[in-house]
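The values are calculated or read from the model by the stated rules, or taken from the named source; none is laboratory data. Since we're looking at a predicted model, the values are computed, not measured. Glycine gets a Cβ as well: all are built from the backbone with ideal geometry, and neighbour counts include every protein chain shown.
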Amino acid sequence: MRAATKAYHVIATDPEGLLLGHAGPLSLADAEAIAAHVARSFDLLDGLKRLGRQGRERVPSCTRPRHVLTATRLSTPAGERLTIAIVGPTR
């Protein structure tokens, strides 16, 4: 997936935010920290659904110097949810 997205780093998590896997140059600790950040973002986003944001399953990009982070939640055919976070270069 990392090659397909041309990402700096790709992180996959389960619905609870636990790291399922990651690919790229970041350390395991950094990948886990990003996974926790993304999980918290989705927790906050879920609270907004009551305010008319039904069906939204994407966290807007957050930028850091030289990198951008975006995440999306997908549903598998079996009904399970998978979150993919992509860290990409800003250029």
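Would you say R73 is at pLDDT 70 or above and either crowded, with 17+ Cβ neighbours inside 10 Å or touching a Leu at 6+ places or on another chain (Cβ under 8 Å) (or both)?
yes
Do any residues in the stretch 22-47 that are among the polar types (S, T, N, Q) have Cβ atoms under 6 Å from those of residues that are surrounded by 15 or more Cβ atoms within 10 Å (Cβ to Cβ), where the two are at least six apart or on different chains, and which pairs are they?
Short answer, once both residue conditions are applied: S41/V59.
Here's the yes/no breakdown for (1) modelled with pLDDT of 75 or more; (2) in a strand (DSSP E or B):
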residue	(1), (2)
E32	yes, no
H37	yes, no
D46	no, no
T63	no, yes
L69	yes, yes
